[in-house]
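This report refers to the structure that appears directly beneath it.
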Amino acid sequence: MIYILLALIAYSAVIMFGSFAARLIDSALAAAIETVISAVLPVLIVIPMLSGKTIQNQKLGIITAVIAGIGIAFFTIILNKAYAANKVAIVAPIVFGGSIFITAILSYFLFKEKISLFQGVGLVILGIGLIFITYARFTGR
């Protein structure tokens, strides 16, 4: 649970710094800087700990990680464009709440993960909240 809370705090800080950067400099430049830093730093930390045997036994995992990395790069560019053009209070809930909603539903079908009654109720509430926030964005309320 500690890593979940640390990730929440770290990602909240990233959202605030990233949105601030996208408003101060060109959003594509901000995205490029963020992507390079977020790619180089983990490589410097993790690669020295790996062995050749580890890499050979995990080819599919490495391929899917590369695909995810490409996705993160595009996501960062698009997210910074969204921050530059909209309020953080609109962008963050729609993007991150929406990704929680979509990921939970997809994991149910793709990974056969169970969704408990409480989780289901939470997803319904999240979905309703996303509708309200999206409506507020398009109507200016």
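The values are calculated or read from the model by the stated rules, or taken from the named source; none is laboratory data. Remember, predicted model here, so these are calculated numbers, not experimental data. Positions of Cβ are generated from backbone atoms using ideal geometry, with glycine treated the same way; all protein chains shown enter the neighbour counts.
Would you confirm whether any residue within region 48-66 is under 14 Å from the mean Cα position of the chain (by Cα) and surrounded by 12 or more Cβ atoms within 10 Å (Cβ to Cβ)?
no
Restricting attention to region 16-48, report how many residues are in contact with a Lys or Arg (Cβ under 6 Å, 6 or more places away or on another chain) and farther than 24 Å from PRO93 by Cβ. Please lay out each step first, then the result.
Of region 16-48, the ones in contact with a Lys or Arg (Cβ under 6 Å, 6 or more places away or on another chain) are 27.
Next cut, farther than 24 Å from PRO93 by Cβ only: none.
Selection size over region 16-48: 0.
All but one of (1) surrounded by 11 or more Cβ atoms within 10 Å (Cβ to Cβ); (2) farther than 21 Å from LEU8 by Cα hold for LYS112; which doesn't?
Of the numbered conditions (1) surrounded by 11 or more Cβ atoms within 10 Å (Cβ to Cβ); (2) farther than 21 Å from LEU8 by Cα, the odd one out for LYS112 is (1).
Against the conditions (1) assigned by TED's automatic domain parsing to the domain that holds LEU8; (2) over 30 Å from VAL36 (Cβ atoms), where does LYS112 fall short? Just the number, please.
Just one mismatch for LYS112, condition (1).
Conditions tested, residue by residue: (1) touching a residue at least 60 places away in the same chain (Cβ under 8 Å); (2) hydrophobic (A, V, I, L, M, F, W, C); (3) surrounded by 15 or more Cβ atoms within 10 Å (Cβ to Cβ); (4) within 27 Å of ALA68 (Cα to Cα).
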position: ALA85; (1), (2), (3), (4): no, yes, no, yes
position: VAL95; (1), (2), (3), (4): no, yes, yes, yes
position: TYR108; (1), (2), (3), (4): no, no, yes, yes
position: ILE125; (1), (2), (3), (4): no, yes, no, no
position: PHE132; (1), (2), (3), (4): no, yes, no, no
position: TYR135; (1), (2), (3), (4): no, no, no, no
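Name, by its number, the condition in (1) among the β-branched types (Val, Ile, Thr); (2) within 24 Å of PHE96 (Cα to Cα); (3) without any contact (Cβ under 8 Å) to a residue 40 or more places away in the chain that does not hold for VAL43.
Of (1) among the β-branched types (Val, Ile, Thr); (2) within 24 Å of PHE96 (Cα to Cα); (3) without any contact (Cβ under 8 Å) to a residue 40 or more places away in the chain, only one is false for VAL43: (2).
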